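Structure first, then comments.
The values are calculated or read from the model by the stated rules, or taken from the named source; none is laboratory data. Here the structure is a predicted model, which means the values were calculated and not measured. Here Cβ is always computed from backbone atoms with ideal geometry, including for glycine, and neighbour counts include all displayed protein chains.
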Amino acid sequence: MFFRNLTLFRFPASLDLSHLETHLADCALKPAGPLEMSSRGFVSPFGRALRQAQDDREVLSHRVGQCIWLTIGGEERLLPSVVVNDAAGKKIAEAEQREGRKLGGRARKRIKDEIVIDLLPRAFVRPLRTDAYLDLEHGFIAVDTSSRKQAENVVSEVRRALGSFPALPLNAETSPRGVLTGWIAGEAMPDGVILGDECELKDAADRGAIVKCQRQELQGEEIGKHLESGKQATRLALMLDDHVSFVLGEDLVVRKLKFLDGAVDQLESTERESVHAELDARFALMSGELKRLFGMLEKAFKLSRAEA
Amino acid sequence: MPSFLRRLIAPTRTLPVVSSETIALRLPDGSEVTVLRARHPRARRIKISVSERGVRLTLPMRASLRAADAFLHAHRDWIAMQLPRWNAANEVAPFGRDSKTIPLRGEDIPLLWETGRYARARAHDGGVAIALPASASDVSARRALKEFYLAEARADIGRWLPNYLPGFPRAPTSIRVRPLSSLWGSLSARDALSLDLALVLGKPAAFEYVLVHELCHLVHRNHARAFWREVEARGQDWRAQRDYLHDEGAGLKSSLRRLVAP
């Protein structure tokens, strides 16, 4: 359940989310109908196994203090257009042979419609799931994806459920490229943050050279030469307090987030009797680490607040 | 037909390619200028624009060439009037290590050049300091300056936005600041807000007006009277700011291109 990517948005910390559970229930996931391409809605963050084990009403969010865990579920029918075109092509050829003339555009379209309506109920349904974490204390939402579009879709779902959700993407009042490059060049880093072994450097010119390094000493001479030639860091691997490691991009999306032994050790020291208790403990641990990570980003990149 | 069927079946729409050519135009004083005549898929009417890059005649994909040429000839006086202004702009030295000031928020602020381990621009003592490694080119300086302008623009937006957001039904889904060729800002159908980076070079009040203008499109997606009432309700002296952008805007865009173009 630990998040592996974070796309962050800010919202006013004064936002009232006391009736969240009621709003989520109105927007719960409904299975995609036989002629529906896809459906979206909220599902239990604890997953299907636990949902079936419980007889009572499905819980669509999990709250620990000021932190809320939500999950957007979805179902998407897989109907590749190449399959539709192939089946339609065969049917059109049959019809043309039978009638001894070339079919017009309207007739071809009608045949395609019939094929889609015929195939759609038999198409595979792909389940989708994206987790999100809301921190009411600091006013931010972290979506477990590195895709901006997918993150915006999750925020839109929350907005649809709540009626109004003024979430904004992070706005850095400093240059993220400049800060990341400065850290590699040896400038002071925030407390507890150390460099990892991965980075991406880009040339100043548009469509200029790109250097991607993995398992590389970042404060060595090789990287120094790239900086001297004018390249700037656009992605950088970092570690916070030996608890989490991640790759931070100039777009302030956190990728390859890993919870290290320093954090996970706390979980292994205690035995829990149920899956629910285990997930609850993991979420509590993750929320603590995300709070610290966000606090560090907020200070280092001067992130704007969403309220006056 | 259901929308999902249309999505599966409809052929993908491809925009026609922009085609352009240069033609010579004789002005009333007998001098000759080169005009770039370009057909653009998004152009809705024939348009002449003059900038530091020269004279451009833009026409829709299916517009008549004869009509376009007639339009160009009918506006030769206007072109002759505009050209000296842009010729003067072209005489300004390009941005480089000899530059002593840069524009920011409607003022020229001092520029300090330093030697550093990597390229960066930072606020320094009421001005800007650009640090460059000895081997770095002017392109690195321009990139660093662009990053500086972006940070300053985001700082302004971060300061203004929270004051205005509570008055709108929803927030924009994203805010992107980048150099735009002709617009000052736009709001997409998905509520993604785009703002021109050149705004940070001009008066802050004009920048704030453009931000409010685009936010008001969250309420009215047009420029009807109700829209302007929304703008006015937010305490914007919008006419003065619009006039400022009309008078000085082309110069701001041209300055930005001179400063940060790679």
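So, in region A:162-179, exactly how many residues are of a type in the set (Ser, Thr, Tyr) and more than 7 Å from every other protein chain (Cβ to nearest Cβ)?
Residues in region A:162-179 being of a type in the set (Ser, Thr, Tyr) and more than 7 Å from every other protein chain (Cβ to nearest Cβ): 0 in total.
Residues that are closer than 21 Å to A:Val179 by Cβ and touching a helix residue (DSSP H, G or I) at 6+ places or on another chain (Cβ under 8 Å), at least 3 per element: which strands (runs of 3 or more DSSP E) completely within region A:201-308 meet that?
A:232-240, A:244-249
I need the full set of residues from region A:201-233 which are small (Gly, Ala, Ser), at pLDDT below 90 and either exposed (fewer than 11 other Cβ atoms within 10 Å of the Cβ) or closer than 15 Å to B:Pro133 by Cα (or both), in order please.
A:Ala204, A:Gly220, A:Ser229, A:Gly230
Within region B:128-141, is even one residue under 19 Å from B:Val200 (Cβ atoms) and facing chain A (nearest Cβ under 9 Å)?
Scanning region B:128-141, I find at least one residue that is under 19 Å from B:Val200 (Cβ atoms) and facing chain A (nearest Cβ under 9 Å), so the answer is yes.
Name, by its number, the condition in (1) under 30 Å from A:Ile92 (Cβ atoms); (2) aliphatic (A, V, I, L, M); (3) within 11 Å of another protein chain (Cβ to nearest Cβ) that does not hold for A:Ala151.
(1)
Can we say A:Leu128 is farther than 30 Å from B:Leu150 by Cβ, of a type in the set (A, V, I, L, M), away from every other protein chain (no Cβ under 13 Å) and assigned to a loop (DSSP other than H, G, I, E, B)?
Spelling it out, it is not the case that A:Leu128 is farther than 30 Å from B:Leu150 by Cβ, of a type in the set (A, V, I, L, M), away from every other protein chain (no Cβ under 13 Å) and assigned to a loop (DSSP other than H, G, I, E, B).
Mind checking which strands (runs of 3 or more DSSP E) fall wholly inside region B:154-262 and carry at least 3 residues that are surrounded by fewer than 14 Cβ atoms within 10 Å (Cβ to Cβ) and small (Gly, Ala, Ser)?
none
Here's the yes/no breakdown for (1) in contact with a helix residue (DSSP H, G or I) (Cβ under 7 Å, 6 or more places away or on another chain); (2) in a strand (DSSP E or B):
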{"position": "B:Asn87", "(1), (2)": "no, no"}
{"position": "B:Ser99", "(1), (2)": "no, no"}
{"position": "B:Pro103", "(1), (2)": "yes, yes"}
{"position": "B:Ala121", "(1), (2)": "yes, yes"}
{"position": "B:Leu150", "(1), (2)": "yes, no"}
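Which of the residues spanning region A:22-47 are free of Cβ contacts under 8 Å to residues at least 40 places away in the same chain and within 14 Å of another protein chain (Cβ to nearest Cβ)?
Listed by number, the residues that qualify are A:Gly33, A:Ser38, A:Ser39.
Would you pick out the residues in region B:204-225 that are touching a Phe, Trp or Tyr at 6+ places or on another chain (Cβ under 9 Å) and without any contact (Cβ under 8 Å) to a residue 12 or more places away in the chain?
B:His220
Name the residues in region A:181-200 that are in contact with a Ser or Thr (Cβ under 7 Å, 6 or more places away or on another chain) and either within 14 Å of chain B (Cβ to nearest Cβ) or assigned to a loop (DSSP other than H, G, I, E, B) (or both), would you?
If the condition is that a residue be in contact with a Ser or Thr (Cβ under 7 Å, 6 or more places away or on another chain) and either within 14 Å of chain B (Cβ to nearest Cβ) or assigned to a loop (DSSP other than H, G, I, E, B) (or both), then no residue fits.
I need the full set of residues from region B:63-108 which are of a type in the set (D, E, K, R), surrounded by 13 or more Cβ atoms within 10 Å (Cβ to Cβ) and within 25 Å of B:Arg143 (Cβ to Cβ), in order please.
B:Arg105
A:Glu268 passes all but one of (1) more than 30 Å from B:Ser135 (Cβ to Cβ); (2) surrounded by 19 or more Cβ atoms within 10 Å (Cβ to Cβ); which number fails?
(2)
Quick one: how many residues across region A:171-206 are hydroxyl-bearing (Ser, Thr, Tyr) and within 16 Å of A:Gly224 (Cα to Cα)?
Of the residues in that region, 1 qualify.
Checking the conditions here, which among A:Asp135, A:Asp118, A:Asp131 is touching a Pro at 6+ places or on another chain (Cβ under 8 Å) and either acidic (Asp, Glu) or in contact (Cβ under 8 Å) with a residue 60 or more places away in the chain (or both)?
The match here is A:Asp131.
Pairs under 7 Å by beta carbon, first residue within 12 Å of chain B (Cβ to nearest Cβ) in region A:203-229, partner surrounded by fewer than 17 Cβ atoms within 10 Å (Cβ to Cβ) and at pLDDT below 90, six or more apart or different chains?
A:Ala205/B:Pro262; A:Asp206/B:Pro262; A:Glu228/B:Ser135; A:Ser229/B:Ser135
Exactly one of (1) at pLDDT below 90; (2) surrounded by 15 or more Cβ atoms within 10 Å (Cβ to Cβ) is unmet by A:Thr71. Its number?
A:Thr71 satisfies all of (1) at pLDDT below 90; (2) surrounded by 15 or more Cβ atoms within 10 Å (Cβ to Cβ) except (1).
May I ask you to list the residues in region B:143-182 that are over 21 Å from B:Glu230 (Cα atoms), within 7 Å of another protein chain (Cβ to nearest Cβ) and among the charged types (D, E, K, R)?
B:Arg143, B:Glu147, B:Arg154
Looking at region A:266-274, is at least one residue without any contact (Cβ under 8 Å) to a residue 24 or more places away in the chain, within 14 Å of chain B (Cβ to nearest Cβ) and among the hydrophobic types (A, V, I, L, M, F, W, C)?
No - not one qualifying residue is present in region A:266-274.
In this structure, is A:Glu187 modelled with pLDDT of 90 or more, of a type in the set (Asp, Glu) and closer than 24 Å to A:Leu236 by Cβ?
yes
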